[in-house]
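Student: Pasting in a structure now, in structure tokens, and then I'll have a few things to ask.
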């Protein structure tokens, strides 16, 4: 029998009421609810305290991290990713703490803690969210120095920028539909989030980081990454970080989908204009990223994406040139930082604890060769 309009309304009201129980009607309320259910790990909070002053007590920090096996494991996996920039692998927590220093340990503990709080359930949708965080974080870390931003801090802010999405997905399984319909577009979920919950994932993330006691400027930067008008009108230190996340988010979308951007168009968008990047400067650098990611970032294709094929040919890959050989043409000038960025992001994805496709294995070889050639050229020149 067909359901009457009144019955449908009552059913919709009940569904909305159940959703409100899981997702309260304000970002502050939901952040408080998450904090009650999944507080910031105690060990990580102690690390923040130990690294907030002038003293750097390696022994004390190591003891705290090793007291939480899950956290220390995630921190080690994170810092061993190429995006963290260490020249050697860390086999122990003590080794990692010594090499990273106070600020590096601080930010590694924050990022590792979020992975502990939101480990996902092994489904592709969670792997995609985690890998996107690593991708944007790696891009931001290796571009941060161009705008005088601390690399560890920039990686962490970018890595955390979408934790509001992680919270929505954990609390409301139907949020998966919103993610799927967004199709990786940086702003693709905002309208649906605001209609469904009354606020978006950036608002939520900023409140959650504040409740967890994450130090400034991270909560403000993450909270404003979908409100550039407000961000650019405020503190320039915050504005630059927001612009860099927004820029990396757009580039990550192109790398993930295989769609080469319209450089003239994106150069006119606010993050690129705010950071002073022209279409030509973006175009000059994108070829290196297209090459480094042509063999896999979750895809099974062995050939370059259709729109990237011309790039690969121009760079010599259709004639059998290796990634290392091609990297030599980018070792000088503006392309070099972007080779580092691509290598860092690829390493991040490979090192991440979530399972990734075997198609990334060929990429690891190419990236390692590219990075080795680039570093040797830098050191010799």
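Student: What is the distance in Å between the Cα centroid of the range 225-241 and that of the range 25-81?
Tutor: Distance between centres, Cα-based: 27 Å.
Student: Can you compute the label reach from residue 279? Point 7 Å from Cα along the Cβ direction, backbone N cut-off under 18 Å, restricted to the range 232-266.
Tutor: 251, 260-266
Student: Now for a different question. Fewest Cβ neighbours within 10 Å first, please rank 98, 156 accordingly. Don't jump to the answer; show the numbers that get you there.
Tutor: Numbers: 98 15, 156 27.
Ascending number of Cβ neighbours within 10 Å: 98, 156.
Student: Could you work out how much longer the chain between residue 147 and residue 52 gets when fully extended? Use 0.36 nm per residue separation minus the Cα distance between them, nm to one decimal.
Tutor: 31.8 nm
Student: What order do you get for 79, 69 when you list them from fewest to most C-beta neighbours inside 10 Å? Walk me through the numbers on the way to the answer.
Tutor: Numbers: 79 26, 69 10.
The most exposed by this proxy come first: 69, 79.
Student: Right, here's the next one. What nm distance separates the two modelled labels at residue 227 and residue 265, each placed 7 Å from Cα along Cα→Cβ?
Tutor: Calculated label separation equals 2.8 nm.
Student: May I ask you to compute the full-extension gain from residue 125 to residue 99, defined as 0.36 nm times their residue separation minus their alpha-carbon distance, rounded to one decimal in nm?
Tutor: Full extension from residue 125 to residue 99 adds 6.0 nm.
Student: Sort 269, 52, 113, 33 so the one with the fewest other Cβ atoms within 10 Å of its own Cβ comes first.
Tutor: Listed from fewest to most nearby Cβ atoms, that is 52, 269, 33, 113.
Student: Expressed in nm to one decimal, what extension gain is obtained for the pair residue 216 and residue 66 from 0.36 nm per residue of sequence separation less their Cα-Cα distance? Mind showing how you got there, number by number?
Tutor: On the way: separation 150, 0.36 × 150 = 54.00 nm, distance 2.60 nm.
Gain on extension, residue 216 to residue 66, equals 51.4 nm.
Any read-out appearing in this document is the output of simple, stated calculations on the displayed coordinates, not a laboratory observation. All of these numbers come straight from a predicted model, not from anything done at the bench. When we count neighbours, we look across all protein chains shown, and the Cβ atoms used for this are built from the backbone with ideal geometry, even at glycine.
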